[in-house]
Amino acid sequence: MCTQELLGMCFVPAGSSSNSIFGFSSFISALALLFVVYTITGERYKFRIAIAPLPLYKTSFYLIPFIGIGVLISELWVNLGLLTPSFNLSQSMWQAIFSLIFLMIITLWAYFGFISPPKFGKNNYKPFMQQLYVRILQGNEDVLREVASEITPSIKNIIAHASGDMGECKDYAHDIILLIGNKRFCEIVAEYHPNLIIEVYESLTVENIEKLPFRQFTINTATAAILNSNSLLHHEGDGFCSGLIGYIKPLSMAMFGDIKKLDCLNQQFASPLDADLLLFTLKNKQFQVYCNSTLTAIESYLNANEWWRHSYAINNAFHKIKDNSIYLHEINHNPTNYYNLECYQNFRVAVKFVVSVIELLEKHPSVADFTPHKLRKSKAERYQSIDLYDLVAELMFELTFAAATINVDKDTCWSIHHNSCWGEFVNHRHSKVNYYILKKYYRLMYDEVKRMEKLPNFKSAKILGFCLNIFGVKTPSKADYGKEYYSLRKVIIHWTIHNYESIRKEYARVAEACLVGGITYEDKKLTKTYGLGIRDEATKEVLELK
């Protein structure tokens, strides 16, 4: 057989190009290019593709040129009519294979970019951490909003791996928890992605709280949610105003609705009730949100039948409420428009908080019938076995002292002392809870006044002045109005009769601090002059001192 015949058997002339296949290939190529360009320009999709368990960027980078070159070679080979091995696939088959590879690339990008975004796991923990770190480091607000949305579905996996066995994946998950505690990122999350916070708290358990570094995230998100008026905490409200969100309160319940988690977080200094709130800087709405959040925690505390056990998280919350509501003395510098001052509005929020706590205690059957082990506690005992009765009574006392610092005209003093403070606390509520709390409150008031016998001081003097302004200076009887506090009124008047004069002789400035609300001193007598009202002559009461 001649050489020419042999070549004719092994090689055949290349056929004409297949316009339909080539057109289809071109269409697929253009579609793939458009898809890739569209995908890589969106931050959300950049993140998804970058953390995919397959190296899509590198794979696409190498495959697309390879396919393009293959299509060009096949076209060129056919157009030049070069010899082709007889066992070779036809041009149509080659272009179909190249088109299939294009479709696979498109499908993978669509799958990981749209259909099933990748989550944190053992196959992608390194790129997940790297991509998240770079974006949080850059700090672009728009980018952080997208990232917060994207990592939300992975939070449960991150916490699960961080709580799991030793390994590199666990270490990366641990670092991611630290990374999302970034303050700027937490501010974005609190405003735009409360669902991320909800997912975190739902994934927490008493066991993993002890192992994981959640302090930065819980503190920073709680602080941002309270301070930012656009956060969901500010818009949960009640059902009447906020609809379904107001009824179920998803963010409040997630952050503050589990007392066991709160106390566990508190042991790690990570309770959201320990939010970083600077003293005397909270606006009225912000302070209202914090008090409402504390009420949610107290309700969980009662519903879980944990009320008999001391809760450090709730104890700390009471201290924060006290610290942010006792700077009422600013009214002394602006008495005419005091009701518009932030200090007065915060004071009113704290008073309302006290009333709400008492109502919660009254509504809870097992607590309402509970008798405190000891109504009268010594000073040492007050720092031990503190229950809700003690916390409420002590907050009432501190708020009373804040009101007692007001020393302006008698009408303003009466309005703040009686209407805004005393009248809210002693409001003729007939329940065991109210009885026990008032007993503790009265004891704190009397002990403070009595302290002047050993150490005259201005705080005690202010409390005495508050009492005299509320009670008057007339020796009471049980028939008088105010029988609910008859015992306190009686001992305060009795103490004043026997001790005020001696204090005035040695500590005139301290004694003078007791005279507020129209009370004056002259010749061993205290005189209280009431407002004129509709009378022609103001009513006066006189108390003879010894």
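List of remarks:
- Assuming charge only on the beta carbon of Lys and Arg (+1) and of Asp and Glu (-1), the dipole of the chain about its Cα centre is about 1800 debye to the nearest 20.
- Separation in nanometres of the label points that stand 7 Å from Cα toward Cβ, at Ala160 and Glu501: 8.1
- Taking a ≥ b ≥ c as the square roots of the eigenvalues of the Cα gyration tensor, an a/c ratio of 1.5 or more together with a/b larger than b/c marks region 191-264 as prolate.
- Calculated FRET value between Ser366 and Asp523, using beta carbons and R₀ = 45 Å, to 0.05: 0.20
- Calculated FRET efficiency for the pair Val206/Ser356, C-beta based, R₀ 22 Å, to 0.05: 0.20
- Principal-axis tilt of helix 388-404 within the chain, Cα atoms, nearest 10 degrees: 70
- Sites Asn315 and Met104, calculated FRET efficiency, Cβ-Cβ separation with R0 45 Å, nearest 0.05: 0.15
- Projected label distance in nm at Thr475 and Glu330, using a 7 Å step from Cα toward the beta-carbon: 4.5
- Listed pairs Lys46/Lys183; Lys459/Lys483; Lys505/Lys525 exceeding 18 Å between Cα atoms: Lys46/Lys183; Lys459/Lys483
- Structure-derived P(r) over Cα pairs in 20 Å bins from 0, in percent - corresponding label in [x] 17, 34, 22, 13, 8, 4, 1, 0; [y] 21, 55, 24, 1; [z] 22, 56, 20, 2: [x]
- Cβ-based charge dipole, the chain, positive-most Cα from Pro127, Ser203, Ser311: Ser311
- Summary of packing: across the peptides 515-527, 133-145, the per-residue average of other C-beta atoms within 10 Å ranks them, highest first, as 515-527, 133-145.
- The long axis of helix 432-450 is offset from the longest Cα principal axis of the chain by roughly 60 degrees.
- Asp447-Arg429 pseudo-label distance in nm [points 7 Å out on the Cα-to-Cβ vector]: 2.1
- Helical contribution to [θ] at 222 nm, DSSP H n ≥ 4, -39,500 (n - 2.57), averaged over the chain, rounded to 500: -19000 deg cm²/dmol
- Here the peptides 206-216, 250-260, 93-103 are ranked by packing, the mean other Cβ count within 10 Å, and the order with the highest first is 250-260, 93-103, 206-216.
- Degrees between helix 56-80 axis and first principal axis of the chain (Cα, 0 to 90, nearest 10): 20
- Cross-link partners for Lys122 among the aspartates and glutamates, with Cα-Cα distance under 12 Å and sequence neighbours closer than 8 places in the same chain left out: Glu168, Asp171.
FYI, it's all coordinate maths here, none of it is from the lab. Bear in mind that the values here come from a model prediction, so they are computed numbers and not experimental data. Cβ atoms come from the backbone with ideal geometry, glycine included; neighbour counts cover every protein chain shown.
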